[in-house]
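Colleague: Starting off with a structure, shown below.
The values are calculated or read from the model by the stated rules, or taken from the named source; none is laboratory data. Note that the structure is a prediction, hence the values are computed from the model and not measured. Neighbour counts run over all protein chains shown; Cβ positions are idealised from the backbone, glycine included. Keep in mind that these areas ignore ligands, DNA and RNA; they rest on the heavy atoms of the full protein, side chains included. Shrake-Rupley method; radii C 1.70, N 1.55, O 1.52, S 1.80 Å.
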Amino acid sequence: KIIVILLLFIAGCGTISTTKTTSDVDVRIGFNGISTEFLKNTPPQKVFEEQVFPVIIKVRNNGAFSLENDDKAIVALGIEKDYTKDLKLLAGGKIEQTEDNTANFNLEGRSKINLKGEEEVISYNLQAGEVDPQSEFHGSTVIATLCYPYETTLSSTVCIDTDVSNIRPGKKVCSAQDLILNNGQGAPVAVTKIEPNMLPQIEGDKIVPQFLIFIENKGSGTVVRKDAVKDFCTKSSSESYQSPRNLNVIYVADH
């Protein structure tokens, strides 16, 4: 599984309600993204020579980011071409087929309307090849690779302490403290800690807030550059993996 993350950090103020209804459920929690699994007995345990058999993959968006418009998930099926032939993707609905039989599709994330996220089923038909004359059977592996762009959004209240030297009389409204974020933001790559630092200016009674943001990959996939997602899923060579410029790249924006 390959994961690409666009990280958005939003600092602001808000209120916390002690009573939650369905509309108040926080879907931006946890470390899940998009998951995939083979349906039971697809592919089957045994097939005969020249037999056509199904491979069905269930994909669900368990995170809080929706893949829309040009942000598409990609599923590519890897087979042993010497023993499996006539790979065919059964496209339809949201599933778009490319020349190399990869499946491209959008997938809505968890929301207050759909707390489970959207699910899609990717169906392939394969035909078994011939076994070597000297063999009674041959074990063959089918590998499904899932690649997708994703986004993490964090919204949190922070304190801007204008009296870092504590020289003003009276009680402070707030004090700048580290934010420990253990619950995630509904994406595999998460902001886990924010260290605020108020930097006094040499001239004038002003400070400049500085934030040190800690980010971790809490998922089981590999983080890659956004424009390399398709290559990681579809290219048979390992050139993309060998290039350090494509690995562990995220994009950060503040709003």
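Colleague: So if we plug the beta-carbon distance of Asp86 and Val131 into 1/(1 + (r/R0)^6) with R0 = 22 Å, what FRET efficiency do we get, rounded to 0.05? Display every interim value, and only then the final one.
Modeller: On the way: r = 16 Å, r/R0 = 0.74.
FRET efficiency, Asp86 to Val131: 0.85.
Colleague: Carbon and sulfur: what percent of the range 153-255's accessible surface (1.4 Å probe)?
Modeller: The computed percentage sits at 49.
Colleague: Considering the dipole of the chain built from charges on the beta carbon (Lys and Arg +1, Asp and Glu -1) around the Cα centre, which of Ile202, Ala91, Ile122 is farthest to its positive end?
Modeller: Result: Ile202.
Colleague: Extension gain Leu39-Glu216, at 0.36 nm per residue separation less the Cα-Cα distance, in nm? The partial results should precede the final answer.
Modeller: Values: separation 177, 0.36 × 177 = 63.72 nm, distance 3.09 nm.
Roughly 60.6 nm would be gained on extension.
Colleague: Taking every DSSP beta bridge that has both residues in the chain, what percent is antiparallel when rounded to the nearest 5?
Modeller: On the way: 44 of 61 bridges.
Percent antiparallel among DSSP bridges in the chain is about 70.
Colleague: Quick one: dipole size for the range 95-230, taken about the Cα centre, charges +1 on Lys/Arg Cβ and -1 on Asp/Glu Cβ, in debye to the nearest 20.
Modeller: 1020 debye
Colleague: Then there's this: Between Leu247 and Glu96, what is the spin-label point distance in nm, taking each point 7 Å from the Cα along the Cα→C-beta axis?
Modeller: In this crude spin-label approximation the distance works out to 3.0 nm.
Colleague: Considering the convex hull of the alpha carbon atoms of the range 27-69, report its projected area averaged over all viewing directions, in nm², one decimal. Provide the component values of the computation, followed by the final result.
Modeller: Numbers: hull surface 19.5 nm².
Across all orientations, the range 27-69 yields a mean hull projection of 4.9 nm².
Colleague: Now for a different question. Identify the trypsin sites (Lys or Arg not before Pro) of the range 63-133 meeting these criteria: DSSP loop state and at most 16 other C-beta atoms within 10 Å of the C-beta. Show your work: numbers first, answer last.
Modeller: Details: sites: Lys72, Lys81, Lys85, Lys88, Lys94, Arg110, Lys112, Lys116; in loops: Lys72, Lys81, Lys94, Arg110, Lys112, Lys116.
Within the range 63-133, the qualifying trypsin sites (Lys or Arg not before Pro) (loop, at most 16 other Cβ atoms within 10 Å) are Lys81, Lys94, Lys112, Lys116.
Colleague: Within the set Lys58/Lys193; Lys72/Lys193; Lys46/Lys81, which residue pairs have Cα atoms separated by over 25 Å? Spell out each step's value before the answer.
Modeller: On the way: Lys58/Lys193 34 Å; Lys72/Lys193 29 Å; Lys46/Lys81 17 Å.
Correct reply: Lys58/Lys193; Lys72/Lys193.
Colleague: Oh, and also: Probe radius 1.4 Å, ligands and nucleic acids ignored: give me the carbon and sulfur share of the accessible area of the range 23-87 as a rounded percent.
Modeller: 47 percent
Colleague: Sticking with this structure for a sec: Which ³J(HN,Hα) values in Hz, rounded to whole numbers, follow from the phi angles of the range 33-46 under the Karplus curve 6.51 cos²θ - 1.76 cosθ + 1.60, where θ = phi - 60° and Gly and Pro get x?
Modeller: x, 9, 10, 9, 7, 6, 5, 4, 6, 10, x, x, 5, 9
Colleague: One quarter of the convex hull surface, Cα atoms only: what value does that give for the range 26-148 in nm²?
Modeller: On the way: hull surface 33.9 nm².
Projected area, direction-averaged: 8.5 nm².
Colleague: Of Leu199, Leu67, which has the most accessible area and how do the rest follow, probe 1.4 Å?
Modeller: Values: Leu199 60, Leu67 0 Å².
Accessible-area ranking of Leu199, Leu67, largest first: Leu199, Leu67.
Colleague: Checking the cross-link filter: which aspartates and glutamates have an alpha carbon closer than 20 Å to that of Lys112, excluding same-chain neighbours under 8 positions apart?
Modeller: Leaving aside aspartates and glutamates fewer than 8 places away in the same chain, those within reach of Lys112 are Asp24, Asp26, Glu68, Glu120, Glu151.
Colleague: Name the residues whose placed amide hydrogens come within less than 5 Å of the amide hydrogen of Thr152, ignoring near sequence neighbours (fewer than 5 apart) on the same chain.
Modeller: Leu6, Leu7, Leu8
Colleague: Could you sort Phe137, Phe211, Phe105 by accessible area so the largest value comes first, with the probe set to 1.4 Å?
Modeller: The most accessible residue leads, giving Phe137, Phe211, Phe105.
Colleague: Identify, among Gln177, Ala144, Gln45, the residue whose Cα sits farthest towards the positive end of the charge dipole of the chain, taking +1 on the Cβ of Lys and Arg and -1 on the Cβ of Asp and Glu, with the dipole about the Cα centre.
Modeller: It is Gln177, whose Cα lies furthest towards the positive end.
Colleague: Let me check something: with ligands and nucleic acids excluded, how do Arg28, Arg225 order by accessible area (1.4 Å probe), largest to smallest? Don't skip to the answer; put the middle values down first.
Modeller: Values: Arg28 90, Arg225 50 Å².
Result of the area sort, largest leading: Arg28, Arg225.
Colleague: Normalised by the empirical 2.2 N^0.38 Å for globular proteins, what value does the Cα Rg of the chain take? Kindly include the intermediate steps, with their values, before the conclusion.
Modeller: Details: Rg = 24.2 Å, N = 255, 2.2 N^0.38 = 18.1 Å.
Relative to the rule-of-thumb radius for its length, the chain sits at 1.34.
Colleague: Name the trypsin sites (Lys or Arg not before Pro) in the range 170-212 that are in a loop by DSSP and that have at most 15 other C-beta atoms within 10 Å, would you?
Modeller: Lys171, Lys172, Lys206
Colleague: In Å², and per residue, what accessible area does the chain have when probed at 1.4 Å with the other protein chains present? Working shown, then result.
Modeller: Values: 15630 Å² over 255 residues.
Result: 61 Å² per residue.
Colleague: Taking GluC sites (Glu not before Pro) that fall in a DSSP loop and have at most 12 other Cβ atoms within 10 Å as cut points, what is the longest piece of the chain between them? Write out the running numbers ahead of the final one.
Modeller: Values: sites that count: Glu49, Glu50, Glu68, Glu99, Glu130, Glu136, Glu203.
The segment 137-202 is the longest one with no such site.
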